[in-house]
Amino acid sequence: MRRNVSAVGAPSPPGSEAEDRWSLPAKQARSRETRERLIAAGFRLLRRKTFDELSVAEIARAAGCSVGAFYVRFADKDHFFLALIDRFRARRQAALEEMYARTTPETVVHDAVRREYAIVGEHLNLWRAALKRGMKDPGFWEIFRATGRRATDRFLEYRAACLGRALTEREIADIRFAFQVVRGTINNTIVNAPGPLSADDPEFLPQLERAFRLVAGIEPGTQSR
């Protein structure tokens, strides 16, 4: 049985003022297209290099434009990084709503745990750069705390709708901590690789799901505690 809960907190669409706050004004369509090519090039390059390894010249070359064109769109490399982060967050939010549009009460835990890792896994070097910056600037990480809270709240809403009742304080606390366990494990594995499982181990995500269910008190194939 498929049961959907209404979407909340939809992301800003690509090219919106909110999403492009870190780039310089681009009034002409050609300028906006160049900005989009630069952002797309940044994501492509980060699949094989760290952000620190990237140069503005390399980003511009991959986008098919000049270094001067880069600085017409972005004040510096740091603002470019923040633009990538905003686009990344918008994609995470879109992935969240896509997940809840297709999930079911029986698969929501499986889907939620995999969504937590999926987009991070697609952009590992960008995520590592974000984690590194968050360690130096705690205020920077607040944007991801807010994103995480929205994802957790979305799960809580869906869970309550599936059960047909309000969740207890204990249930809410357990589910919130289950998400903390999952996110903390993902970040620690990406940064420190403590073992025994690496992020690309076939058992990593199944074990994360088991941990989530254990902490949240949600058994496989059931909708109640």
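Being modelled with pLDDT under 95, surrounded by fewer than 15 Cβ atoms within 10 Å (Cβ to Cβ) and either in contact with a helix residue (DSSP H, G or I) (Cβ under 7 Å, 6 or more places away or on another chain) or more than 23 Å from N125 (Cα to Cα) (or both) is the filter here; which residues of the range 164-197 pass it?
Residues satisfying the conditions are V191, P194.
Among the residues of the range 91-148, count how many are in a loop (DSSP other than H, G, I, E, B) and either in contact with a helix residue (DSSP H, G or I) (Cβ under 8 Å, 6 or more places away or on another chain) or closer than 21 Å to L205 by Cα (or both).
Going through the range 91-148, the residues in a loop (DSSP other than H, G, I, E, B) turn out to be 103-107, 123, 137.
Okay, now just the ones that are also either in contact with a helix residue (DSSP H, G or I) (Cβ under 8 Å, 6 or more places away or on another chain) or closer than 21 Å to L205 by Cα (or both), so 103-107, 123.
Going through the range 91-148 one residue at a time, the tally reaches 6.
Anything in the range 205-222 that is modelled with pLDDT under 95 and among the small types (G, A, S)? List them, or say none.
Correct list: G221 only.
Does the range 13-61 hold any residues that are over 19 Å from the mean Cα position of the chain (by Cα), assigned to a loop (DSSP other than H, G, I, E, B), surrounded by 16 or more Cβ atoms within 10 Å (Cβ to Cβ) and modelled with pLDDT of 95 or more, and which are they?
Within the range 13-61, just L54 meets the criteria.
The values are calculated or read from the model by the stated rules, or taken from the named source; none is laboratory data. As the structure is a computational prediction, the values presented were derived from the model and not from experiment. Here Cβ is always computed from backbone atoms with ideal geometry, including for glycine, and neighbour counts include all displayed protein chains.
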